[in-house]
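This report refers to the structure that appears directly beneath it.
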Amino acid sequence: MRTFRMATVADAKALLAIYAPYTEGTASFEEGPPSLEEFAGRIREISAVYPYIVCEVDGEIAGYAYAHRYKERAAYRWNVEVTVYLKPSFHRQGIGRALMARLLEMLRRQGVRMAYSCITLPNPASTGLHAAIGFTEAGVLTDAGWKNGAWRDVIWMQKRLSDAPETPEEIVPIGKVDVSDLLGSK
C-alpha cells in the first residue's frame, strides 16, 4: 500500500540514502552527498514554506519530492523549482508521477504560478516523467556544469500551475494550506 505524507527532519537519514547515489552520477550537480546535518537542515528550511512529500510503500520510503524557491529576487517569488527522487527499486511504478501530482497540486493551492525543473541531459526517464505530467521544454543550457569528467547540458522544463492575476497575492506557506486530501494511503 502507498502512503503519502509530509517529510520531517526525522526522515533525513532515509531520504539522504536515496539521494546520495544521485550525487555520484550526473542527475545531481552536487559533487558528493551532503552531511546528514546539512540535509536535515534543508528539509527543515524548505518545509517551512513549501511541500516536501514522502511516499512509503508498505512502510518503506520509496521516494520523495519537494519544491523550493526558484530564484532569490523578489519578482520570482511566485515560481518554484521542483525535484523528485526515487529508490531504483521503485522506478517505473508510477510513484514519481504520484508524488509530482500531489506536489504540483499543493503548490497550486499555495498560489504558486510556475513550476520549473532542471534536468541533466541525457535523462529520458526524468524528461519523460515531466513531459507526461504536462511540463514543456523552456530551454537547454549547453555545457552548464562539469561533472564526472565531462561538461553536462541541462534542460529546463516548466509547467504553469495557475493563471497570472493582475495583482498576485503572496504565496501561502504550506502549513497554512489544507492538503489533507492529498496525503494518506492511496
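What's the number of the condition Met114 fails, among (1) farther than 26 Å from Phe29 by Cβ; (2) open to solvent by less than 40 Å² (accessible area, probe 1.4 Å)?
Going through (1) farther than 26 Å from Phe29 by Cβ; (2) open to solvent by less than 40 Å² (accessible area, probe 1.4 Å) one by one, Met114 breaks only (1).
Of all residues in region 78-101, count the ones that are out of contact with any helix residue (DSSP H, G or I) (no Cβ under 6 Å at 6 or more places or on another chain) and of a type in the set (Ser, Thr, Tyr).
Adding up the residues that qualify gives 2.
What are the residues in region 82-95 that are surrounded by 17 or more Cβ atoms within 10 Å (Cβ to Cβ) and either free of Cβ contacts under 8 Å to residues at least 12 places away in the same chain or within 16 Å of Ala115 (Cα to Cα) (or both), if any?
Val82, Thr83, Val84
Consider Ser185 carefully, then state whether it is crowded, with 18+ Cβ neighbours inside 10 Å and either touching a residue at least 12 places away in the same chain (Cβ under 8 Å) or more than 13 Å from the chain's Cα centre (by Cα) (or both). Steps first, please.
Values: crowded, with 18+ Cβ neighbours inside 10 Å: no; either touching a residue at least 12 places away in the same chain (Cβ under 8 Å) or more than 13 Å from the chain's Cα centre (by Cα) (or both): yes.
Taking the combined requirement at face value, the residue does not satisfy it.
Under 9 Å between Cβ atoms, which residue pairs at least 6 apart in sequence (or on different chains) link something in region 38-60 that is farther than 27 Å from Gln93 by Cβ and part of a loop (DSSP other than H, G, I, E, B) with a partner that is of a type in the set (Gly, Ala, Ser) and open to solvent by 30 Å² or more (accessible area, probe 1.4 Å)?
Pairs found: Ala48/Gly175; Val49/Gly175.
Scan (1) in a strand (DSSP E or B); (2) within 23 Å of Leu86 (Cβ to Cβ); (3) touching a Ser or Thr at 6+ places or on another chain (Cβ under 9 Å) for the single condition Arg108 breaks and write down its number.
Every listed condition holds for Arg108 apart from (1).
Can you pull out every residue in region 6-37 that is open to solvent by 60 Å² or more (accessible area, probe 1.4 Å) and either touching a residue at least 40 places away in the same chain (Cβ under 8 Å) or not aliphatic (A, V, I, L, M) (or both)?
Answer for region 6-37, where residues must be open to solvent by 60 Å² or more (accessible area, probe 1.4 Å) and either touching a residue at least 40 places away in the same chain (Cβ under 8 Å) or not aliphatic (A, V, I, L, M) (or both): Thr8, Lys13, Pro21, Glu24, Phe29, Glu31, Pro33, Glu37.
Say we look at region 116-164 and pick out the residues that are in contact with a helix residue (DSSP H, G or I) (Cβ under 6 Å, 6 or more places away or on another chain) and assigned to a strand (DSSP E or B); which of these is nearest to His68 (Cα to Cα)?
Within region 116-164, the match that is nearest to His68 (Cα to Cα) is Ser117.
The values are calculated or read from the model by the stated rules, or taken from the named source; none is laboratory data. It should be emphasised that the depicted structure is a prediction, and the values quoted were computed from it without experimental measurement. Cβ atoms come from the backbone with ideal geometry, glycine included; neighbour counts cover every protein chain shown. SASA here: full protein model, heavy atoms, side chains in, ligands and nucleic acids out. Shrake-Rupley method; radii C 1.70, N 1.55, O 1.52, S 1.80 Å.
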